[in-house]
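The block underneath contains the structure these notes are about, expressed in structure tokens.
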Amino acid sequence: MKTTNRLFPKWHLKDKYLGVLYVLPALLLLLAMILYPFIYCINLSLQKWDLFKPDERYYIGFTNYNSLFIDPNFWNSLKITIIFTVVSVTVSFIIGLVLANLLARRGRFVSALRTVFVLPMIIAPIVIGTGFKYLYDPTSGILNYVLSLIRITAPAWTTNPNTALLSVIMVDIWQWTPFMFLILIAGIQGLPKGPFEAAACDGVSRWQILKNVTFPLMKPAILIALIFRAIDSFRTFDTIYAITSGGPGMVTTTLNLFAYIKAFKMYKLGEAAAVAIIIWIIVFTFSQLLLKYLGTTQKVVQKK
């Protein structure tokens, strides 16, 4: 039975083509908002454009990329970004998994705790960064005051090169562990009860159930949480900028902060655009590898 097209009565379109036609304007607008800045950034990364001499703008090919690859500050920023991402994602995943297992049961008290745990995630990162900047203050910060009460010599958290990176990592963990918690608890609550009941009847220990039943069934949810969290952590800018601005020195300068310095402090827009493209390549490659692994994992789980 053919459906009538009231909007375009003279057009004999199949339903699937008609659906595409309806979403086409929004799709074109979305593509324009994404593709144009991306293509412009690629084009800019191939140019020399120094804002000290704004009229001198010309193509130099891959010279900006070559300049970055021989710049030790670029490699230092990449190393800091990787350390920041790996530590933050790993710790937030472990804490989120523990909390998800503890609070997977339903109840009023448990529901209240869930609400409390997700509060940090809804606060703007720049607000959190500003708040922790005062919290870490060596003279008037409450953290050092509490440590002094128990006679612990507190470090200068954000100005000491040995603790500055740890300080911003702890803030990131505090804010985004709730994200891990929400995805993992949804994954746990969506698991089938049959395998767990069978394991309990066989007298399997809790650790064996967690290792051999829970983890294999939760692989898709775990990988989704890791993908989104790793990408977001790799792109972190505002929290670190509010707390340390990349200092002291370049101890907390991630790739995003490095691009910011290139663009708005050194006024080298071409090199800043090249850093942005490199960040996109790294994030895109990482996400594609994890998505490929996720697809393979789902096929294995479905076969089982």
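The values are calculated or read from the model by the stated rules, or taken from the named source; none is laboratory data. Here the structure is a predicted model, which means the values were calculated and not measured. Cβ sites come from the backbone with ideal geometry, for glycine too, and all protein chains shown count toward neighbours. The area values use the complete protein model at the heavy-atom level, side chains included, leaving out ligands, DNA and RNA. Shrake-Rupley method; radii C 1.70, N 1.55, O 1.52, S 1.80 Å.
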Kindly provide the helix-only [θ] at 222 nm of the chain, computed as the sum of -39,500 (n - 2.57) over DSSP H runs of four or more divided by all residues, to the nearest 500 deg cm²/dmol?
-> -22500 deg cm²/dmol
Could you please state how large a percent of the accessible area of the chain is carbon and sulfur, counting protein chains only and using a 1.4 Å probe?
-> 68
R0 of 22 Å, Cβ-Cβ distance ALA124-LEU166: FRET efficiency to nearest 0.05 = 0.45
Of the listed pairs LYS133/LYS268; LYS53/LYS268; LYS219/LYS292, those with alpha carbons more than 19 Å apart are LYS133/LYS268
Accessible area expressed per residue, the chain, with surrounding protein chains retained (probe 1.4 Å, Å²) = 62
Go through MET218, THR254, PHE237 and say which Cα lies farthest out towards the positive end of the charge dipole of region 154-304; charges sit on Cβ, +1 for Lys and Arg, -1 for Asp and Glu.
-> MET218
Using Cα Rg over 2.2 N^0.38 Å as the read-out, say which of [x] 1.28; [y] 0.96; [z] 1.21 was calculated from these coordinates.
-> [x]
Subtract the Cα-Cα distance of PHE286 and TYR22 from 0.36 nm times their separation in residues, and report this length gain in nm to one decimal.
-> 91.7 nm
Rounded to whole angstrom, the alpha-carbon centroid of region 186-201 lies from that of region 113-174 at a distance of 38
Residue among GLY61, GLN175, SER148 farthest towards the positive dipole end of the chain, charges placed on Cβ = GLN175
To the nearest 20 debye, the chain has a Cα-centred charge dipole, built from +1 on Lys and Arg Cβ and -1 on Asp and Glu Cβ, of 1260
The aspartates and glutamates whose Cα lies under 20 Å from the Cα of LYS48, excluding any fewer than 8 residues away in the same chain, are GLU56, ASP71, GLU271
Rounded to whole Hz, the Karplus (6.51, -1.76, 1.60) HN-Hα couplings of region 165-175, x for glycine and proline | 5, 4, 4, 6, 5, 4, 5, 5, 4, 4, 6
